[in-house]
Amino acid sequence: MTWQPLHDLTQLETLRAQSFENPVLIYKHSSTCSISSTALNRLERNWQETDMAPVQAYFLDLLRNRPVSNAVSAEFGIPHESPQVLILRNGECVYDASHLGINYPALKNQLSD
């Protein structure tokens with residue numbers, strides 16, 4: 001799985017624009033949270049490039065980039081949680097999950113629609 005780092009507020013407009021071409025996935029991670037590490041590990045372990053080829057995947061270290069994390073929540077109207085995954089399509093958040101609700105089969109299902 002190839003993550004693009006999300007660390008700058010100016011990237012949000014790029015992500016929104018990309019979501020009109022391909023789905024965009026944002027993973028909000030807390031490096032001090034064991035649940036966040038578990039959810040990330042499960043996601044990466046199950047990720048299949050053949051299924052997810054069109055997806056642009058972004059990794060947000062929310063402890064290092066709190067203003068970006070807050071802006072993601074405000075920009076897409078999704079209350080902050082950690083860990084959290086969001087899927088953007090056509091400029092909007094169409095799916096979000098948090099904690100151990102983050103799982104590959106659910107993401108795959110959302111992205112195949």
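The values are calculated or read from the model by the stated rules, or taken from the named source; none is laboratory data. Every value quoted in this text rests on a predicted model; they were computed, and no experiment measured them. Please note: Cβ atoms are built from the backbone with ideal geometry, for glycine as well, and neighbour counts cover all protein chains shown.
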Selection from segment 79-95 of residues that are within 14 Å of L62 (Cβ to Cβ) and at pLDDT 95 or above: P83, Q84, V85, L86
Any chance L43 is assigned to a loop (DSSP other than H, G, I, E, B) and either free of Cβ contacts under 8 Å to residues at least 12 places away in the same chain or surrounded by 14 or more Cβ atoms within 10 Å (Cβ to Cβ) (or both): no
Search result, residues across segment 60-113 that are among the hydrophobic types (A, V, I, L, M, F, W, C), in contact (Cβ under 8 Å) with a residue 40 or more places away in the chain and not in a helix (DSSP H, G or I): L60, V85, L86, I87, L88, I102
Pick from segment 1-33, criterion within 17 Å of R66 (Cα to Cα) and of a type in the set (G, A, S), ranking: surrounded by the most Cβ atoms within 10 Å (Cβ to Cβ): S30
Residues of segment 92-109 classified as surrounded by 15 or more Cβ atoms within 10 Å (Cβ to Cβ) and either of a type in the set (G, A, S) or closer than 16 Å to R42 by Cβ (or both), total: 7
Residues within segment 1-19 that are outside any helix (DSSP H, G or I), of a type in the set (A, V, I, L, M, F, W, C) and in contact with a strand residue (DSSP E or B) (Cβ under 8 Å, 6 or more places away or on another chain), tallied: 3
Test result for T50, at pLDDT below 90 and assigned to a helix (DSSP H, G or I): yes
In segment 20-40, the residues that are part of a helix (DSSP H, G or I) and touching a residue at least 60 places away in the same chain (Cβ under 8 Å): I35, T38, A39
